[in-house]
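What follows is a set of notes on a single structure, which appears directly below.
The values are calculated or read from the model by the stated rules, or taken from the named source; none is laboratory data. Keep in mind the model is a prediction, meaning the values are calculated, not measured. When we count neighbours, we look across all protein chains shown, and the Cβ atoms used for this are built from the backbone with ideal geometry, even at glycine.
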Amino acid sequence: AKIRQKSGNNEKNVRDGSGIASYTVVREELAEGLVIGNISALATPAQAQAAVDMLQADALEIHLNAAQELWMAEGDKDTCGLLANLVQIRDAVSVPVIVKETGCGIAAEQYELLLEQGFTAFDCAGAGGTNFPAIEAKRQGVELTEEFAAWGVPTCWSLLDAQQTLPENALLLASGGIRTAGDAARAFALGADAVGITAPLLRLVMEQGIDAAVDYVYSLAEGLQKYMLLLGCLTPKELRDVPLIVTGETRDFIASRGYELAKLCRWRRG
């Protein structure tokens, strides 16, 4: 089991000690599970470690959310020194660090930049799922133009960039618009080591209750097993060896990036 603690108030909580019980309860209820904390890249190293301690987390996601901050009334518009701060957090905390986007995706250039700084674990969190700039714009009563509403690298494209950029030993998590077993299977086929799903689960918990969310997870797992059987795969990782057929805008994206389509469709990390 894995619980990823996500909160826009993480930095406030670790600064003033508020809401600690809402974090410590995670490990109390999930003694043996995998817990991943989540904190802003603008947090200090001390705040990051405090978040880890509150959750007794096994790892820490540092999230990048520049687009959300731009449309947030109280958002931080100053990103100077952000990369250096990421490095300081990673070097200071006691658990592995994952660099995570928040719905706008990570492109090849950012993967390369982060690799140069020694980061080896990523959550692409591409466009296609929850749109945080749209949420913030609506919250503030501000109109979001069509161009900005569509801002971001789709999850599929971010995974393709990662496939061409990351070394074999890198950890790649896929999230952003993954809703079905088919979505998960495609993410695994594009090189993901795991997938993340949030909105459907939260919606089911709020509208139908916990049992409905549990049923959804079981159905998702069963559906993925069916895809694996039909494609002759014993594990999700083996989906990387399944030939791909690429059409439409994604095919155009591959061409614009200069990737070799036939090779990309057949090559996988072992």
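Checked against (1) on the phi > 0 side of the Ramachandran plot; (2) touching a strand residue (DSSP E or B) at 6+ places or on another chain (Cβ under 7 Å), Gly81 passes all but condition (2).
Close contacts from the stretch 190-217, counting a first residue that is on the phi > 0 side of the Ramachandran plot and a second that is in a loop (DSSP other than H, G, I, E, B) and modelled with pLDDT under 95, with Cβ to Cβ under 8 Å and a gap of 6+ residues or different chains, come to Gly191/Arg268; Gly191/Arg269.
With respect to (1) outside any loop (DSSP other than H, G, I, E, B); (2) small (Gly, Ala, Ser); (3) surrounded by fewer than 20 Cβ atoms within 10 Å (Cβ to Cβ), the lone exception for Gly118 is condition (1). Listed by first and then second residue, the pairs linking a residue in the stretch 240-268 that is touching a residue at least 60 places away in the same chain (Cβ under 8 Å) and within 11 Å of Gln163 (Cβ to Cβ) to a residue that is surrounded by fewer than 14 Cβ atoms within 10 Å (Cβ to Cβ) and not aromatic (Phe, Trp, Tyr), with Cβ atoms under 6 Å apart and 6 or more places separating them unless they lie on different chains, are Ile254/Leu261.
Residue-level analysis places Leu220 outside the set of residues that are closer than 25 Å to Asn65 by Cβ and either among the hydroxyl-bearing types (Ser, Thr, Tyr) or at pLDDT 95 or above (or both). With the structure loaded, tell me whether Val93 is surrounded by 15 or more Cβ atoms within 10 Å (Cβ to Cβ) and within 23 Å of Phe119 (Cβ to Cβ) or whether it fails that test. Judged against the criteria, Val93 is a match.
Is it the case, given these coordinates, that Leu115 is of a type outside the set (Lys, Arg) and in contact with a Pro (Cβ under 9 Å, 6 or more places away or on another chain)?
yes
In the stretch 22-45, which residue that is in a helix (DSSP H, G or I) and of a type in the set (A, V, I, L, M, F, W, C) is nearest to Leu60 (Cα to Cα)? So, considering only residues that are in a helix (DSSP H, G or I) and of a type in the set (A, V, I, L, M, F, W, C), the one nearest to Leu60 (Cα to Cα) is Val26. Return the residues of the stretch 130-155 that are farther than 16 Å from Ala199 by Cβ, surrounded by fewer than 17 Cβ atoms within 10 Å (Cβ to Cβ) and not β-branched (Val, Ile, Thr); say none if nothing qualifies. Arg139, Gln140, Gly141, Glu143, Glu146, Glu147, Phe148, Ala149, Ala150 - these are the residues of the stretch 130-155 that are farther than 16 Å from Ala199 by Cβ, surrounded by fewer than 17 Cβ atoms within 10 Å (Cβ to Cβ) and not β-branched (Val, Ile, Thr). If I ask for residues that are in a helix (DSSP H, G or I), small (Gly, Ala, Ser) and over 18 Å from Phe188 (Cβ atoms), which ones from the stretch 200-232 would you list? Of everything in the stretch 200-232, those that are in a helix (DSSP H, G or I), small (Gly, Ala, Ser) and over 18 Å from Phe188 (Cβ atoms) turn out to be Ala212, Ala213. Close contacts from the stretch 80-95, counting a first residue that is free of Cβ contacts under 8 Å to residues at least 40 places away in the same chain and a second that is surrounded by fewer than 18 Cβ atoms within 10 Å (Cβ to Cβ), with Cβ to Cβ under 6 Å and a gap of 6+ residues or different chains, come to Val87/Gln117. Here Glu101, Glu69 are screened, and the one residue that is touching a Cys at 6+ places or on another chain (Cβ under 8 Å), of a type outside the set (A, V, I, L, M) and within 21 Å of Asn131 (Cα to Cα) is Glu101. Listed conditions (1) exposed (fewer than 13 other Cβ atoms within 10 Å of the Cβ); (2) closer than 24 Å to Ala107 by Cα are all met by Ser158, apart from (1).
Out of the stretch 122-144, which residues are farther than 26 Å from Arg257 by Cβ and assigned to a loop (DSSP other than H, G, I, E, B)?
Once the filter is applied, which keeps residues that are farther than 26 Å from Arg257 by Cβ and assigned to a loop (DSSP other than H, G, I, E, B), the stretch 122-144 yields Gly141, Val142, Glu143, Leu144.
So for the stretch 52-72 (the condition being surrounded by fewer than 15 Cβ atoms within 10 Å (Cβ to Cβ) and assigned to a loop (DSSP other than H, G, I, E, B)), does at least one residue qualify? Checked against the condition, which is being surrounded by fewer than 15 Cβ atoms within 10 Å (Cβ to Cβ) and assigned to a loop (DSSP other than H, G, I, E, B), the stretch 52-72 yields no hits at all.
Taking the conditions (1) modelled with pLDDT under 85; (2) surrounded by 18 or more Cβ atoms within 10 Å (Cβ to Cβ); (3) of a type outside the set (Asp, Glu); (4) over 30 Å from Phe148 (Cα atoms) in turn, Val35 satisfies each one other than (1).
For Gln163, the conditions (1) crowded, with 18+ Cβ neighbours inside 10 Å; (2) outside any strand (DSSP E or B); (3) modelled with pLDDT of 95 or more all hold with the exception of (3).
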